(Lines give C-alpha, C1' and ligand atoms only; values in the text may rest on other atoms or scores of the structure.)
Protein backbone atom coordinates (compact mmCIF):
# COMPACT_ATOMS: atom_id res chain seq x y z
CA UNK A 1 0.00 0.00 0.00
CA UNK A 2 2.84 2.34 0.89
CA UNK A 3 4.52 1.77 -2.49
CA UNK A 4 1.20 2.20 -4.26
CA UNK A 5 0.62 5.53 -2.51
CA UNK A 6 4.17 6.58 -3.30
CA UNK A 7 3.69 5.80 -6.99
CA UNK A 8 0.40 7.69 -7.13
CA UNK A 9 2.02 10.70 -5.48
CA UNK A 10 4.92 10.71 -7.95
CA UNK A 11 2.54 10.32 -10.87
CA UNK A 12 0.42 13.23 -9.63
CA UNK A 13 3.55 15.36 -9.32
CA UNK A 14 4.52 14.37 -12.88
CA UNK A 15 1.16 15.46 -14.29
CA UNK A 16 1.33 18.76 -12.40
CA UNK A 17 4.83 19.41 -13.79
CA UNK A 18 3.68 18.37 -17.25
CA UNK A 19 0.92 20.97 -17.21
CA UNK A 20 3.09 23.65 -15.59
CA UNK A 21 5.94 23.44 -18.09
CA UNK A 22 3.53 23.94 -20.98
CA UNK A 23 2.91 27.44 -19.61
CA UNK A 24 6.59 28.32 -19.21
CA UNK A 25 8.71 29.61 -22.14
CA UNK A 26 11.06 26.88 -23.40
CA UNK A 27 14.37 28.57 -22.56
CA UNK A 28 13.19 29.48 -19.07
CA UNK A 29 12.00 25.90 -18.55
CA UNK A 30 15.50 24.65 -19.37
CA UNK A 31 17.02 27.08 -16.88
CA UNK A 32 14.63 25.75 -14.23
CA UNK A 33 15.65 22.19 -15.13
CA UNK A 34 19.31 23.13 -14.83
CA UNK A 35 18.72 24.60 -11.37
CA UNK A 36 16.83 21.56 -10.11
CA UNK A 37 19.50 19.24 -11.52
CA UNK A 38 22.06 20.88 -9.26
CA UNK A 39 19.66 20.72 -6.32
CA UNK A 40 18.89 17.02 -6.87
CA UNK A 41 22.63 16.33 -7.00
CA UNK A 42 22.88 17.73 -3.46
CA UNK A 43 19.76 16.03 -2.09
CA UNK A 44 20.14 12.50 -3.50
CA UNK A 45 23.25 11.46 -1.63
CA UNK A 46 22.96 7.77 -2.50
CA UNK A 47 22.96 8.40 -6.25
CA UNK A 48 25.54 11.17 -5.97
CA UNK A 49 27.94 8.75 -4.29
CA UNK A 50 27.15 5.98 -6.76
CA UNK A 51 27.81 8.33 -9.68
CA UNK A 52 31.12 9.44 -8.23
CA UNK A 53 32.18 5.88 -7.45
CA UNK A 54 31.52 4.74 -11.01
CA UNK A 55 33.30 7.77 -12.45
CA UNK A 56 36.24 7.17 -10.13
CA UNK A 57 36.43 3.51 -11.10
CA UNK A 58 36.16 4.10 -14.85
CA UNK A 59 38.00 7.40 -15.32
CA UNK A 60 39.71 8.09 -12.00
CA UNK A 61 43.20 7.53 -13.39
CA UNK A 62 42.83 10.54 -15.68
CA UNK A 63 41.16 13.06 -13.33
CA UNK A 64 41.24 14.31 -9.76
CA UNK A 65 38.40 14.40 -7.21
CA UNK A 66 37.45 17.97 -8.07
CA UNK A 67 36.91 17.02 -11.71
CA UNK A 68 34.96 13.91 -10.73
CA UNK A 69 32.61 16.03 -8.59
CA UNK A 70 32.15 18.55 -11.39
CA UNK A 71 31.29 15.83 -13.91
CA UNK A 72 28.97 14.07 -11.44
CA UNK A 73 27.00 17.26 -10.89
CA UNK A 74 26.79 17.80 -14.66
CA UNK A 75 25.29 14.31 -15.03
CA UNK A 76 22.36 15.31 -12.82
CA UNK A 77 21.98 18.66 -14.57
CA UNK A 78 21.88 16.98 -17.99
CA UNK A 79 19.21 14.52 -16.85
CA UNK A 80 17.07 17.28 -15.32
CA UNK A 81 17.34 19.40 -18.47
CA UNK A 82 16.44 16.35 -20.56
CA UNK A 83 13.36 15.73 -18.41
CA UNK A 84 12.40 19.38 -18.86
CA UNK A 85 12.77 19.05 -22.63
CA UNK A 86 10.52 15.99 -22.65
CA UNK A 87 7.86 17.88 -20.70
CA UNK A 88 8.16 20.76 -23.19
CA UNK A 89 7.84 18.60 -26.30
CA UNK A 90 4.31 19.74 -27.24
CA UNK A 91 5.69 23.28 -27.57
CA UNK A 92 8.71 22.36 -29.72
CA UNK A 93 7.53 19.26 -31.64
CA UNK A 94 7.14 21.24 -34.88
CA UNK A 95 10.54 22.91 -34.69
CA UNK A 96 12.92 20.22 -33.54
CA UNK A 97 15.32 21.17 -36.31
CA UNK A 98 15.97 24.47 -34.50
CA UNK A 99 17.44 22.67 -31.49
CA UNK A 100 18.92 19.52 -33.11
CA UNK A 101 21.66 19.34 -35.75
CA UNK A 102 21.84 15.95 -37.46
CA UNK A 103 25.19 14.81 -38.84
CA UNK A 104 25.36 11.76 -41.11
CA UNK A 105 21.77 11.54 -42.32
CA UNK A 106 23.08 10.53 -45.75
CA UNK A 107 24.26 7.26 -44.17
CA UNK A 108 20.71 6.52 -43.03
CA UNK A 109 19.29 7.18 -46.50
CA UNK A 110 21.91 4.97 -48.14
CA UNK A 111 21.24 2.11 -45.72
CA UNK A 112 17.46 2.28 -46.18
CA UNK A 113 17.94 2.11 -49.94
CA UNK A 114 19.15 -1.46 -49.36
CA UNK A 115 15.64 -2.38 -48.16
CA UNK A 116 16.60 -4.35 -45.03
CA UNK A 117 15.84 -1.74 -42.41
CA UNK A 118 18.23 -0.32 -39.84
CA UNK A 119 19.01 -1.20 -36.23
CA UNK A 120 19.83 2.09 -34.51
CA UNK A 121 21.71 1.32 -31.31
CA UNK A 122 22.42 3.96 -28.70
CA UNK A 123 22.87 4.51 -24.98
CA UNK A 124 21.53 6.66 -22.18
CA UNK A 125 23.67 9.57 -23.33
CA UNK A 126 22.58 13.18 -23.81
CA UNK A 127 18.80 13.30 -24.24
CA UNK A 128 18.37 9.91 -25.90
CA UNK A 129 14.57 10.25 -26.04
CA UNK A 130 14.97 12.86 -28.78
CA UNK A 131 16.70 10.47 -31.21
CA UNK A 132 13.65 8.48 -32.43
CA UNK A 133 11.45 11.56 -32.14
CA UNK A 134 13.70 13.55 -34.44
CA UNK A 135 13.80 10.77 -37.03
CA UNK A 136 10.00 10.64 -36.95
CA UNK A 137 9.98 14.44 -37.32
CA UNK A 138 12.16 14.04 -40.43
CA UNK A 139 9.63 11.62 -41.93
CA UNK A 140 11.29 8.28 -41.21
CA UNK A 141 9.39 5.28 -39.85
CA UNK A 142 10.71 5.34 -36.28
CA UNK A 143 10.30 2.52 -33.77
CA UNK A 144 11.80 1.94 -30.32
CA UNK A 145 12.14 -1.15 -28.17
CA UNK A 146 11.06 -0.07 -24.69
CA UNK A 147 11.15 -1.63 -21.26
CA UNK A 148 7.66 -1.86 -19.75
CA UNK A 149 7.10 0.46 -16.80
CA UNK A 150 5.29 -1.55 -14.16
CA UNK A 151 3.12 1.32 -13.00
CA UNK A 152 0.38 1.40 -15.62
CA UNK A 153 -0.45 5.10 -15.49
CA UNK A 154 3.17 6.16 -15.88
CA UNK A 155 3.69 3.65 -18.69
CA UNK A 156 0.64 5.05 -20.48
CA UNK A 157 1.98 8.59 -20.10
CA UNK A 158 5.40 7.69 -21.56
CA UNK A 159 3.87 5.68 -24.42
CA UNK A 160 1.41 8.46 -25.25
CA UNK A 161 4.24 10.99 -25.33
CA UNK A 162 6.34 8.89 -27.69
CA UNK A 163 3.41 8.09 -29.96
CA UNK A 164 2.35 11.75 -30.06
CA UNK A 165 5.80 12.46 -31.51
CA UNK A 166 5.34 9.83 -34.21
CA UNK A 167 7.33 7.06 -32.53
CA UNK A 168 6.00 3.49 -32.48
CA UNK A 169 6.67 1.64 -29.21
CA UNK A 170 7.44 -2.09 -29.05
CA UNK A 171 8.00 -3.72 -25.69
CA UNK A 172 10.84 -6.08 -24.91
CA UNK A 173 8.25 -8.65 -23.92
CA UNK A 174 6.79 -8.67 -27.45
CA UNK A 175 7.66 -11.41 -29.92
CA UNK A 176 10.97 -11.02 -31.79
CA UNK A 177 8.96 -11.68 -34.95
CA UNK A 178 7.39 -8.25 -34.51
CA UNK A 179 10.82 -6.62 -34.55
CA UNK A 180 11.94 -8.61 -37.56
CA UNK A 181 8.77 -7.66 -39.41
CA UNK A 182 9.55 -3.96 -38.92
CA UNK A 183 13.04 -4.46 -40.31
CA UNK A 184 11.62 -6.44 -43.23
CA UNK A 185 9.37 -3.44 -43.91
CA UNK A 186 12.55 -1.34 -44.14
CA UNK A 187 11.93 0.69 -40.99
CA UNK A 188 14.27 2.05 -38.32
CA UNK A 189 14.35 0.11 -35.05
CA UNK A 190 15.94 1.89 -32.08
CA UNK A 191 17.47 0.00 -29.15
CA UNK A 192 19.10 1.35 -25.98
CA UNK A 193 21.46 -1.44 -25.03
CA UNK A 194 23.84 0.00 -22.45
CA UNK A 195 22.30 -1.24 -19.20
CA UNK A 196 22.69 -4.40 -17.14
CA UNK A 197 19.18 -5.88 -17.08
CA UNK A 198 18.63 -9.40 -15.73
CA UNK A 199 15.54 -10.10 -17.83
CA UNK A 200 17.28 -9.90 -21.21
CA UNK A 201 19.92 -12.11 -22.84
CA UNK A 202 23.42 -10.76 -22.61
CA UNK A 203 27.13 -11.46 -22.89
CA UNK A 204 30.06 -10.01 -20.99
CA UNK A 205 32.20 -7.57 -22.96
CA UNK A 206 34.93 -5.11 -21.97
CA UNK A 207 33.54 -1.73 -20.96
CA UNK A 208 35.89 0.80 -19.40
CA UNK A 209 38.35 -1.96 -18.63
CA UNK A 210 35.86 -4.19 -16.81
CA UNK A 211 33.48 -6.92 -17.90
CA UNK A 212 29.92 -5.63 -18.29
CA UNK A 213 26.86 -7.74 -19.11
CA UNK A 214 25.48 -6.34 -22.37
CA UNK A 215 22.38 -7.07 -24.45
CA UNK A 216 22.81 -9.36 -27.43
CA UNK A 217 19.59 -8.17 -29.09
CA UNK A 218 21.16 -5.78 -31.66
CA UNK A 219 23.54 -8.42 -33.01
CA UNK A 220 21.01 -11.25 -33.03
CA UNK A 221 18.48 -9.08 -34.86
CA UNK A 222 21.15 -8.11 -37.38
CA UNK A 223 22.05 -11.76 -37.94
CA UNK A 224 18.42 -12.72 -38.45
CA UNK A 225 17.44 -9.80 -40.69
CA UNK A 226 20.55 -8.72 -42.54
CA UNK A 227 20.00 -5.15 -41.32
CA UNK A 228 23.13 -3.25 -40.25
CA UNK A 229 23.71 -1.96 -36.73
CA UNK A 230 24.12 1.83 -36.76
CA UNK A 231 25.36 3.58 -33.59
CA UNK A 232 23.62 6.95 -33.16
CA UNK A 233 24.27 9.41 -30.36
CA UNK A 234 22.89 12.78 -29.33
CA UNK A 235 25.12 15.26 -27.51
CA UNK A 236 23.95 18.29 -25.56
CA UNK A 237 25.43 21.65 -26.46
CA UNK A 238 23.84 23.86 -23.83
CA UNK A 239 20.20 24.20 -24.87
CA UNK A 240 20.75 22.57 -28.27
CA UNK A 241 21.91 19.16 -29.46
CA UNK A 242 24.09 17.50 -32.06
CA UNK A 243 23.03 14.05 -33.28
CA UNK A 244 25.72 11.92 -34.91
CA UNK A 245 25.16 8.87 -37.14
CA UNK A 246 28.20 6.59 -37.06
CA UNK A 247 29.26 4.19 -39.81
CA UNK A 248 27.17 1.01 -40.02
CA UNK A 249 28.38 -2.22 -38.44
CA UNK A 250 27.60 -5.09 -40.80
CA UNK A 251 27.32 -8.48 -39.13
CA UNK A 252 28.73 -11.38 -41.13
CA UNK A 253 26.48 -14.41 -41.05
CA UNK A 254 29.11 -16.88 -42.20
CA UNK A 255 31.12 -16.95 -38.98
CA UNK A 256 30.47 -18.96 -35.83
CA UNK A 257 27.29 -17.63 -34.18
CA UNK A 258 28.55 -17.49 -30.60
CA UNK A 259 31.77 -15.85 -31.69
CA UNK A 260 29.91 -13.30 -33.82
CA UNK A 261 27.47 -12.32 -31.07
CA UNK A 262 30.30 -11.65 -28.62
CA UNK A 263 32.59 -9.94 -31.10
CA UNK A 264 30.05 -7.59 -32.67
CA UNK A 265 28.58 -6.71 -29.27
CA UNK A 266 32.11 -5.69 -28.29
CA UNK A 267 32.47 -3.62 -31.47
CA UNK A 268 29.42 -1.42 -30.92
CA UNK A 269 30.13 -1.23 -27.18
CA UNK A 270 33.55 0.20 -28.02
CA UNK A 271 31.88 2.92 -30.09
CA UNK A 272 29.57 3.77 -27.19
CA UNK A 273 32.48 3.86 -24.75
CA UNK A 274 34.37 6.28 -27.01
CA UNK A 275 31.44 8.72 -26.85
CA UNK A 276 31.05 8.39 -23.09
CA UNK A 277 34.76 9.05 -22.62
CA UNK A 278 34.40 12.18 -24.73
CA UNK A 279 31.19 13.34 -22.99
CA UNK A 280 31.25 11.75 -19.51
CA UNK A 281 28.98 14.45 -18.08
CA UNK A 282 26.12 13.21 -20.27
CA UNK A 283 25.91 9.49 -19.40
CA UNK A 284 23.89 7.88 -16.57
CA UNK A 285 26.75 6.94 -14.27
CA UNK A 286 24.36 6.20 -11.39
CA UNK A 287 23.19 3.04 -13.18
CA UNK A 288 24.78 -0.14 -11.78
CA UNK A 289 26.39 -1.03 -15.09
CA UNK A 290 28.78 -3.61 -13.66
CA UNK A 291 26.47 -5.25 -11.10
CA UNK A 292 26.50 -8.70 -12.79
CA UNK A 293 29.60 -10.79 -12.29
CA UNK A 294 31.02 -12.73 -15.25
CA UNK A 295 31.93 -16.41 -15.03
CA UNK A 296 35.51 -17.08 -13.98
CA UNK A 297 36.52 -17.76 -17.56
CA UNK A 298 34.78 -15.47 -20.05
CA UNK A 299 35.84 -15.96 -23.69
CA UNK A 300 37.00 -13.00 -25.72
CA UNK A 301 36.75 -13.01 -29.49
CA UNK A 302 37.92 -10.76 -32.26
CA UNK A 303 35.87 -11.30 -35.40
CA UNK A 304 38.91 -10.52 -37.55
CA UNK A 305 41.07 -13.25 -35.99
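The values are calculated or read from the model by the stated rules, or taken from the named source; none is laboratory data. Every value quoted in this text rests on a predicted model; they were computed, and no experiment measured them. Glycine gets a Cβ as well: all are built from the backbone with ideal geometry, and neighbour counts include every protein chain shown.
For the stretch 276-287, the set of residues classified as closer than 16 Å to residue 242 by Cβ and either free of Cβ contacts under 8 Å to residues at least 12 places away in the same chain or surrounded by fewer than 21 Cβ atoms within 10 Å (Cβ to Cβ) (or both) consists of 278, 279, 281, listed by residue number.
The single residue among 211, 220 that is over 16 Å from the mean Cα position of the chain (by Cα) and more than 16 Å from residue 294 (Cβ to Cβ) turns out to be 220.
Take residue 48 and tell me if it is surrounded by 15 or more Cβ atoms within 10 Å (Cβ to Cβ), out of contact with any strand residue (DSSP E or B) (no Cβ under 6 Å at 6 or more places or on another chain) and either part of a helix (DSSP H, G or I) or modelled with pLDDT under 95 (or both). So residue 48 passes the test. Selection of the stretch 32-45 for residues being in contact with a helix residue (DSSP H, G or I) (Cβ under 9 Å, 6 or more places away or on another chain) and outside any loop (DSSP other than H, G, I, E, B) yields 32, 33, 34, 35, 36, 37, 38, 39, 40, 41, 42. Taken over the stretch 140-168, the criterion of being in contact with a helix residue (DSSP H, G or I) (Cβ under 6 Å, 6 or more places away or on another chain) and closer than 13 Å to residue 11 by Cβ is satisfied by 149, 151, 153, 154.
Checked against the criterion of being over 22 Å from the mean Cα position of the chain (by Cα), touching a residue at least 24 places away in the same chain (Cβ under 8 Å), in a helix (DSSP H, G or I) and surrounded by 14 or more Cβ atoms within 10 Å (Cβ to Cβ), the candidates 58, 80, 29 yield just one match: 29. For residue 227, state whether it is on the phi < 0 side of the Ramachandran plot, out of contact with any helix residue (DSSP H, G or I) (no Cβ under 6 Å at 6 or more places or on another chain) and surrounded by 20 or more Cβ atoms within 10 Å (Cβ to Cβ). No: the conditions fail for residue 227.
Counting only strands (runs of 3 or more DSSP E) that sit wholly inside the stretch 209-294, not one has at least 3 residues that are farther than 20 Å from residue 110 by Cβ, touching a strand residue (DSSP E or B) at 6+ places or on another chain (Cβ under 6 Å) and at pLDDT below 95. Only helices (runs of 4 or more DSSP H) whose full extent lies in the stretch 85-146 are considered here, and the ones with at least 1 residues that are surrounded by 17 or more Cβ atoms within 10 Å (Cβ to Cβ) and at pLDDT 95 or above are 105-112, 130-137.
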